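Data block below; observations after.
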Amino acid sequence: MMTLAQIAGELNNIEGHVFHAIETALNGGVQPRERSTCDKIFGMFTHQILLPYAENALTHRAGDFSRQALIPLVLNVEANLKIQFHKGALFYDTALAFFCLATKTLVSGFSR
């Protein structure tokens, strides 16, 4: 059985992998306003973090990761490259993580 520290370490590894994959993709000369390309890049967050975390009651961690790491990364890359990416999927999925957390909290509060 894994300890909580080991589980946290594995989650940090997953998040680091996704962070660096998105960073590499954004710095790789993508068309910044090409919606389908940006959706695919930010889909790494959705499919490798948000959805698996949601299945394991960790939507708060997914939202925090995006808010504290991914969104600042994207904004920094935009500033450095003097471009704007289509960030709709990233912002939507981040909001969805927090919405799911709030809904779970509200529902739990009513069941007491």
Problem set entry | Pairwise FRET efficiency - Ala95 versus Glu10, Cβ, R0 = 30 Å, nearest 0.05 | 0.70
For this session: Filter the trypsin sites (Lys or Arg not before Pro) in region 26-85 to those in DSSP coil with at most 15 other Cβ atoms within 10 Å of their Cβ, and list the result.
Result: Arg33, Lys82
For this session: Can you tell me the 0 to 90 degree angle between the C-alpha axis of helix 35-45 and the longest principal axis of the chain, rounded to 10?
Result: 40 degrees
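Where a number appears in this text, it was derived from the coordinates with a stated rule and is not lab data. If you're wondering where the values come from, they're calculated on a predicted model, not measured in any experiment. Backbone-built Cβ (ideal geometry, glycine too); neighbour counts: all protein chains shown.
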